[in-house]
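Structure first, then comments.
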Amino acid sequence: MLSILKAGLSSIQDAGRVGYEALGIGHGGFADPDSAQVANLLVGNSMESPCIEICESRFELRATQAIQIACFGAWVELCVISADAQTQRIVPAGRAFSLSAGESLHVQRWFAGRTFYLAFAARLQVPQVLGSSSTDLANQFGGLDGRMLKNGDALAFESILPASANKPASNALPIPIWPSSSARAISPLRFLACRAELATQLHQQSYQFTPQCSRAALRLQGPALQVNAALSSALSAGVIPGTLQVLPSGEPLVL
């Protein structure tokens, strides 16, 4: 079992739900599927197994029994503190490691990236809703009571296998896990309402991501885009990742 000491902005996510868009239920699931799948593979899980997803915030948990963990995603500093709080060790992301009973794991510093995953050598004991254990925050179901994790939550496992029973291809990855520090343009961006003049405005300006971001959207700070009344009142519609939505104020959001 795991005890959540400091939840930050975290939730339980898996590969998501497919086929319920007509009912107003989005796919959801991992915000960064590649990183979550790598974390699962490192502990020998199937790639769609549920993980704890952490969005750029401090996070701490304590293991009440020995468990193997893998971490992957954003470039963060991880620290394991002993049960008696007398010793600590830094653990690298991108490989599997073990927590003994009573030890706590601290995600304490973020250097780059926004989303980070903890995968476990056992399946988290959370019910499936419509074929998925992922947390649907908008509709308040899935995961743990349809909500973000909070301090004091306890997470159990369906079963825990010894590390030797899980046979990942490798417990370390021969690839760089830290993102490049250089910025790059992402093209093409897909627009909620496609307007060539908006694309021209966007590419002529510089924007930065702001801290006011979530799993649903990344807010951009910079010159307001000029939008007409018809565009700003567009009806809601299904979108795909990477869609750029422009608010009536001219503020762009990357969904």
FRET efficiency, GLN212 to SER98 (Cβ-Cβ, R0 30 Å, nearest 0.05): 0.20
Prolate/oblate/rounded call for segment 1-124, Cα gyration tensor, a/c under 1.5 rounded: prolate
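To the nearest 20 debye, what charge dipole does segment 73-142 have about its Cα centre, counting +1 at the Cβ of each Lys and Arg and -1 at the Cβ of each Asp and Glu?
For segment 73-142, the charge dipole is close to 180 debye.
At a Förster distance of 30 Å, what's the computed FRET efficiency of ILE90 paired with ALA224, Cβ-Cβ distance as r, to 0.05? Mind showing how you got there, number by number?
Values: r = 43 Å, r/R0 = 1.44.
After rounding to 0.05, the efficiency reads 0.10.
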Ignoring ligands, DNA and RNA, how do CYS51, CYS213 rank by accessible area with a 1.4 Å probe, largest first? CYS213, CYS51
Go through MET47, VAL107, SER134 and say which Cα lies farthest out towards the positive end of the charge dipole of segment 12-159; charges sit on Cβ, +1 for Lys and Arg, -1 for Asp and Glu. VAL107
Sticking with the crude label model, points 7 Å out along Cα→Cβ, report the distance from ILE240 to SER82 in nm, one decimal please. 5.3 nm
Mind ranking ASP84, ASP145 by accessible surface for me, highest first, 1.4 Å probe? ASP145, ASP84
In whole Hz and in residue order, list the ³J(HN,Hα) couplings for segment 58-71 that follow from phi through the Karplus curve 6.51 cos²θ - 1.76 cosθ + 1.60, θ = phi - 60°; x for Gly and Pro. 5, 8, 9, 9, 10, 8, 8, 8, 4, 8, 8, 10, 10, 10
About the Cα centre, charge dipole magnitude for segment 8-57 (Lys/Arg +1, Asp/Glu -1 at Cβ), debye: 120 debye
At 1.4 Å probe size, with no ligands or nucleic acids counted, give the accessible surface of ASP32 in Å², nearest ten. 50 Å²
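What number comes out for the charge environment of LEU149, summing +1 per Lys or Arg and -1 per Asp or Glu over other residues with Cβ under 14 Å away?
Details: positive: LYS6, ARG58, ARG62, ARG147, LYS150, ARG215; negative: GLU53, GLU60, ASP145, ASP153.
Once all neighbours under 14 Å are counted, the net charge is +2.
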Once phi for every residue in segment 220-225 is put through the Karplus expression 6.51 cos²θ - 1.76 cosθ + 1.60 (θ = phi - 60°), the whole-Hz ³J(HN,Hα) values, with Gly and Pro written as x, are 10, 10, x, x, 5, 7
What trypsin sites (Lys or Arg not before Pro) in segment 84-126 are in a loop by DSSP, with at most 13 other Cβ atoms within 10 Å of the Cβ? none
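Quick one: net charge of PHE111's neighbours, Cβ under 12 Å, K/R +1, D/E -1?
Net local charge, PHE111 excluded: 0.
Which order do you get for HIS27, HIS203 if you rank them by accessible area with a 1.4 Å probe, largest at the top? Working shown, then result.
Details: HIS27 80, HIS203 125 Å².
Most to least solvent-accessible, the answer reads HIS203, HIS27.
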³J(HN,Hα) computed for each position of segment 202-211 - Karplus, 6.51 cos²θ - 1.76 cosθ + 1.60, integer Hz, glycine/proline x: 4, 7, 8, 10, 10, 10, 10, 6, 9, x
What is the percent carbon and sulfur in the accessible area of segment 1-159, measuring with a 1.4 Å probe over the protein chains and ignoring ligands? 50 percent
Extended-chain gain in nm, criterion 0.36 nm per residue less alpha-carbon gap, ALA196 and MET1: 64.9 nm
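The values are calculated or read from the model by the stated rules, or taken from the named source; none is laboratory data. From a predicted model like this one, the values you see are computed outputs, not experimental measurements. Because the Cβ atoms are built from the backbone with ideal geometry, glycine has one as well, and the counts that use them run over all protein chains shown. For accessibility, only protein heavy atoms count, side chains too; no ligands or nucleic acids. Shrake-Rupley method; radii C 1.70, N 1.55, O 1.52, S 1.80 Å.
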